[in-house]
Amino acid sequence: MKYSAVSVTFVSIRVTLRTPLGETLVRDVVEGRWAEPSGIADDSVGRGTWAIPGLVDAHAHLASGSLDPQPGVLSEAQERARDALLAGVTLIIDKGWTDTTGVDVIRTVPDVERPEIEAAARIISVEGGYYSDFGLVIDPSEIAKSVVDEAASGRGWVKLVGDWPRPGKGPVSNFTAAELREAVQAAQEVRARVAIHTMARDTPSEAVAAGVHSIEHGLFLVEEDLEPLGARDGMWVPTLLRTEAIVGQLGPESNGGRLLLEGLENIRGLLPLAIESGVIVLAGTDLVGTPAEVAEEAIRLHEYGLPAAEVLDAVTAAGFRATGRSANFDIGAPADAVLFAENPLADLGVLRHPTTVIRLGTVQ
């Protein structure tokens, strides 16, 4: 079942949820989780508002507030996580950094004060294959060991830089298809997922064939990639605003700018086909703003042709489903809810302005 907006009456220990389709749910909060109702409620919050389990930023970098490849500052990352929660984000998938700042937020900020976080540790690349002196630079022959090591430092994810521009060549793959398969197998053996940065033409198809779990950017995915990616509940995080920002930096008439614009048009045509094929399309900020601004990426997905219902799913319930979490206020799920004065299905701009945020049964 996909996300559905709901009209909600919330009490200190009880929540009444009514969906637009007429379904009514009544939930108590017991030890921070939804429970079957019992006893008597004594306070209420959010009567007449609309609720979702929360927004999801599926390509975040808590370590920085901008595209500046420097080590993270933990106190600033902690503040970004708290700000994201206040903006209605209840799940962040941090796609790594040059250090473990994103992971460190998980252990240093109490759960009730931040979104749920999954995180890669150091981003893995090769010599000349990413920003200089950033992340973990490896010999590709050691990719399996490197993946296992970074999975141990992270929380559920490993991030690879699949390709990177070389002078006079444009984006070039950093790993062979065989090396990508080796990385995925190593990650799966330690119960981690692999995400891959890719803006080149051939890399996304190689990554899909190798079983990579999440395609980041994926400008040149092709229609033939969608069925196998969807069949295994694979994820795609297009990061439209990030790609547009790079076009602005390079200039639309530059070789790189023209290539990225071609990729954006390719994405525009593939998005509805991806949904039909079962691909889990997700929204991610990727340093265009912070996770608190993930609603802007959702709105951009709508402008690229996704219907409002699919967009709302992409920035909410799809991320929960993809990571094995409840997206429908299920009994036993964390008592998280984000309330809005209007139905976001009718106007996605409403997502920018939550009226109340509840995390683990606590009103923020």
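Overview of results
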quantity: Lone qualifier among ALA178, ALA183, ALA84 - being outside any strand (DSSP E or B) and within 20 Å of the chain's Cα centre (by Cα); calculated: ALA84
quantity: Pairs where the first residue, in region 297-321, is at positive phi and the second is in a helix (DSSP H, G or I) and of a type in the set (Lys, Arg), C-beta under 9 Å, 6+ apart; calculated: GLY305/ARG268
quantity: Members of region 103-125 that are in a helix (DSSP H, G or I) and closer than 21 Å to PRO238 by Cα; calculated: none
quantity: Odd one out for ALA152, checked against (1) closer than 30 Å to ASP104 by Cβ; (2) crowded, with 18+ Cβ neighbours inside 10 Å; calculated: (2)
quantity: Candidate set from region 98-112 (those that are without any contact (Cβ under 8 Å) to a residue 40 or more places away in the chain and touching a Leu at 6+ places or on another chain (Cβ under 8 Å)); member that is surrounded by the most Cβ atoms within 10 Å (Cβ to Cβ); calculated: THR101
quantity: Scope region 294-319; condition farther than 26 Å from GLU262 by Cα and surrounded by fewer than 22 Cβ atoms within 10 Å (Cβ to Cβ); matching residues; calculated: ALA309
quantity: Residue list for region 146-175, restricted to those being among the charged types (D, E, K, R) and either part of a strand (DSSP E or B) or in contact (Cβ under 8 Å) with a residue 12 or more places away in the chain (or both); calculated: GLU150, ARG155, LYS159, ASP163, ARG166
quantity: Output for region 273-298, where each listed residue is more than 19 Å from ASP83 (Cβ to Cβ) and of a type in the set (Val, Ile, Thr); calculated: ILE275, VAL279, ILE280, VAL281
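Per-residue answers, yes or no, for (1) at pLDDT below 95; (2) farther than 19 Å from ASP330 by Cα:
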site	(1), (2)
ASP42	yes, yes
ILE52	yes, no
LEU55	no, no
ALA58	no, yes
ALA63	no, yes
PRO71	yes, yes
GLU76	no, yes
GLU79	no, yes
ARG107	no, yes
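The values are calculated or read from the model by the stated rules, or taken from the named source; none is laboratory data. Fair warning: this is a prediction, and the values are worked out from it, not measured in the lab. All Cβ positions, glycine included, derive from the backbone under ideal geometry; neighbour counts span all protein chains shown.
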